[in-house]
Amino acid sequence: MPRRAPPITRRDFLNGVPLAIGGAVAGGLRPDAAHAAAAQDMPGYYPPALTGLRGSHPGSFETAHRLRDGDFRWQRPPNPPPLAGEGRVGAPTDETYDLVVVGGGISGLAAAHFYRQQHAGARILILENHDDFGGHAKRNEFALAGRLELMNGGTLSIDSPYPYSAVADGLLKTLGIDPVALDKTCSHNDFYPSLGLRRGIFLDKETFGADHLIVEADGKSWTELLAHAPLSPQARSDIARLEEARIDYMPGLTSDEKKRRLARISYRDFLLDVAKVDASAVAFYQARSHGEWGVGIDAVPALDVWAFHFPGFQGLDLEPGAVPGMGYTAAGYAGGGSYTFHFPDGNASIARLLVRDLIPDAVPGRSAADVVTARIDYSKLDRAAAPVRIRLSSTAVRVRNVGDPVSASAVEIAYARGGEVAAVRAGACVLACWNMMIPYLCPDLPDKQKEALRYGVKTPLIYASVGLRNWTAFKNLGISRVHAPGAYFSSLSLNPAVDIGDYASPRAPEQPMLIRMVRTPCQPGLPERDQNRAGHWDIFNTSFDTFEHNIRDQLSRTLGAGGFDAANDVAAIAVNRWPHGYAYEYNALFDPDWPDGRAPNLIGRARCGRIAIANSDAGAAAYTDSAIDQAHRAVQELS
């Protein structure tokens with residue numbers, strides 16, 4: 001009889017939201033903010049340490065969904081306020097600012113930084129709908145056997161398909177981040193290989209007929225690796241051919257002609273129709289594109305995956321470099337990409353450094369190294385006398401110019417928090433939130449602009465951070481990461497080894513370890529934006545218990561032969577669900593070749609009076625440098 005799993009560390013009590021800090025605390029309105037005493041002002045408030053459902057956690061999205069669906073209740077007695085015209089929306093406050101930023105992610109925090117550079121002493125309010133700042137750059141913090149263990153709950157690293165712009169690079173340097181120097185001194189990418197750990201491929205019985213773990217090894221051919229895999233002889237032969245043979249599947253065509261053809265077909269169609277692999281081999285590769293694109297190989301152009309060295313292209317002798325028709329990510333990496341560095345908590349450290357820059361006494365320390373272990377004082381984020389304030393758990397519900405946008409000198413911003421709707425005014429506003437929500441926040445925008453803002457459907461993702469009491473099973477099996485093409489989570493991996501400041505990654509397999517598991521709930525066969533919509537629905541309708549069951553089940557089946565025992569070895573789980581994850585990047589298989597200046601993100605981000613639009617959505621690129629660059633552009637438009 002299987003042993004009952006002991007209780008794991010779940011300091012959420014209610015699906016990721018601690019009862020003691022969920023929503024406003026009763027006790028009257030604060031005269032400076034027109035809402036009750038806030039959770040973030042309470043002693044002990046520290047969302048990075050919460051587990052359970054994180055990312056878009058319960059309490060962070062419901063107001064936005066009600067606004068989208070037209071059933072948001074404007075709670076201002078005695079009657080709901082007018083939704084159009086000059087009537088004020090929400091309970092008026094005496095708060096006025098030079099700038100209000102909607103969205104406390106990296107783009108919103110960067111916008112506040114750039115605005116203060118141009119307007120010294122400016123009063124700024126940042127509104128963030130989640131219970132923590134950072135947007136997608138979230139931090140998962142665990143205490144395992146007395147050790148501090150960190151993992152990114154969202155944005156993974158400083159990395160981009162293109163070199164960082166002078167603006168984005170300059171911001172990193174201002175914050176004390178030198179990615180090249182940090183990577184050289186802090187990253188230990190050779191650690192797991194030094195232990196003989198390699199990549200594994202887990203074939204699940206539901207997809208392939210039997211559970212089977214393939215462990216790659218130096219000197220072993222693909223024929224040897226696949227010898228006992230639950231695949232047909234033809235599939236094994238075709239996979240080995242794709243991985244090892246140098247065959248020109250497009251003879252007689254020039255490199256440019258081949259690239260143009262590859263840009264118009266999916267990688268799945270390349271495998272079936274060009275490389276002529278058996279249909280049973282396609283499942284082996286279906287999820288290989290999940291990590292970069294959030295969809296399977298049926299929805300990614302073959303030319304794009306060529307830039308990522310997918311198999312089958314080695315005999316085509318394609319010339320290096322990008323060509324028209326390639327996606328943003330693939331075109332950039334085909335030319336080399338940017339510098340890279342991974343903080344132990346991902347780019348949450350960038351968000352923390354931005355908060356230190358804006359509100360210095362909230363974040364102790366002085367360097368990019370010491371911010372990793374700094375304990376943030378959340379009670380100092382929203383103080384009445386401070387020039388910059390960050391207000392968490394606050395969802396903007398209406399943003400509009402006061403008067404004609406052409407001549408307006410002020411913006412009114414209404415937001416919901418703790419059952420109240422309050423309104424503040426500012427000389428300007430940057431909407432650094434998800435662009436798809438802006439038509440609901442600003443219903444007076446031109447219809448063409450609202451249509452463009454709705455075009456980009458963000459890619460849904462699940463990043464599960466799982467605390468293990470040890471990682472001896474990985475060592476016993478000789479693996480550090482596993483690709484699982486048919487399983488619930490398409491990949492799992494040991495936390496990267498990074499030592500920075502007072503933070504040291506575990507080195508002994510007997511020590512606790514965090515692992516990352518990634519799921520992209522796509523629906524093969526649909527256009528990419530429809531797959532993303534289906535994934536949104538999937539994520540919002542999946543309970544923590546379902547995620548936990550699949551985590552334990554998949555780890556047991558993958559690592560069981562190495563001695564893994566899910567009942568005892570799983571210590572804590574944080575499931576970071578991002579139904580609106582990666583910014584949408586245009587896809588040559590489904591999107592038009594937009595004329596210059598007519599792409600939806602360019603139309604959608606147009607300034608409206610004293611309202612400007614930022615966020616990586618506005619750049620149609622799911623990268624931190626895009627978020628920073630769009631923040632700078634938005635601030636410049638308001639100057």
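With viscosity set to 0.692 mPa s at 37 °C, what whole-number translational diffusion coefficient in µm²/s follows for region 231-334 from Stokes-Einstein and a Kirkwood radius over Cα pairs? D, rounded to a whole number, is 239 µm²/s.
Rounded to the nearest 5, the antiparallel percentage of DSSP beta bridges internal to the chain is 65%. Spacing of the modelled spin labels on residue 340 and residue 375, each 7 Å from Cα toward Cβ, amounts to 3.5 nm. Legend: translational diffusion of region 474-526 by Stokes-Einstein, Rh = Kirkwood radius over C-alpha pairs, 10 °C, 1.306 mPa s; D = 120 µm²/s. Shown for 413, 551, 297: other C-beta atoms within 10 Å of each C-beta, ranked fewest to most, produce the order 551, 297, 413. Using R0 = 35 Å, the C-beta based FRET efficiency linking residue 257 and residue 206 works out to 0.30. Relative to a virtual label point 7 Å from the Cα of residue 243 in the Cα→beta-carbon direction, which members of region 474-488 show backbone nitrogen distances below 19 Å? Answer for this model: 477-487.
Distance between the 7 Å Cα→Cβ label points at residue 553 and residue 166: 5.5 nm.
Positive end of the dipole of the chain (Cβ unit charges, origin at the Cα centre): among 362, 628, 329, the Cα lying farthest that way belongs to 362. The ranking of 42, 437 by Cβ neighbour count inside 10 Å, starting from the fewest, reads 42, 437. The residues packed around residue 562, meaning those with a beta-carbon under 11 Å from its beta-carbon, carry a net charge of -1 if Lys and Arg are +1 and Asp and Glu are -1.
Sorted largest first, the principal axis extents computed over the alpha-carbon atoms of region 324-391 equal 52, 24, 15 Å. Across the cross-link table entries 220/475; 138/173; 205/259; 258/458; 184/458, which are compared at the Cα atoms, the separations over 26 Å belong to 205/259; 258/458; 184/458. Relative to the Cα centre, the charge distribution of region 191-270, modelled as +1 at Lys and Arg Cβ and -1 at Asp and Glu Cβ, gives a dipole magnitude of about 300 debye.
Ordering 475, 205 by the number of other Cβ atoms within 10 Å of each residue's own Cβ, fewest first, gives 205, 475. Note on region 150-266: Rg/Rh from C-alpha atoms, Kirkwood Rh, equals 1.10.
Using the Cα coordinates of region 298-352, the gyration tensor eigenvalues translate into equivalent-ellipsoid semi-axes of 28, 12, 12 Å, sorted from longest to shortest. Calculate the all-directions average of the projected area of the chain's alpha-carbon convex hull, and give it in nm². Average of the hull's projected areas for the chain equals 28.3 nm².
Spin-label model, residue 173 to residue 264: label points 7 Å out along the Cα-to-beta-carbon direction sit 4.5 nm apart.
Its Cα centre serving as origin, the chain has a Cβ charge dipole (Lys and Arg +1, Asp and Glu -1) of approximately 980 debye.
FYI, it's all coordinate maths here, none of it is from the lab. It should be emphasised that the depicted structure is a prediction, and the values quoted were computed from it without experimental measurement. Neighbour counts are summed over all protein chains in view; Cβ atoms, including those assigned to glycine, are modelled from backbone coordinates with ideal geometry.
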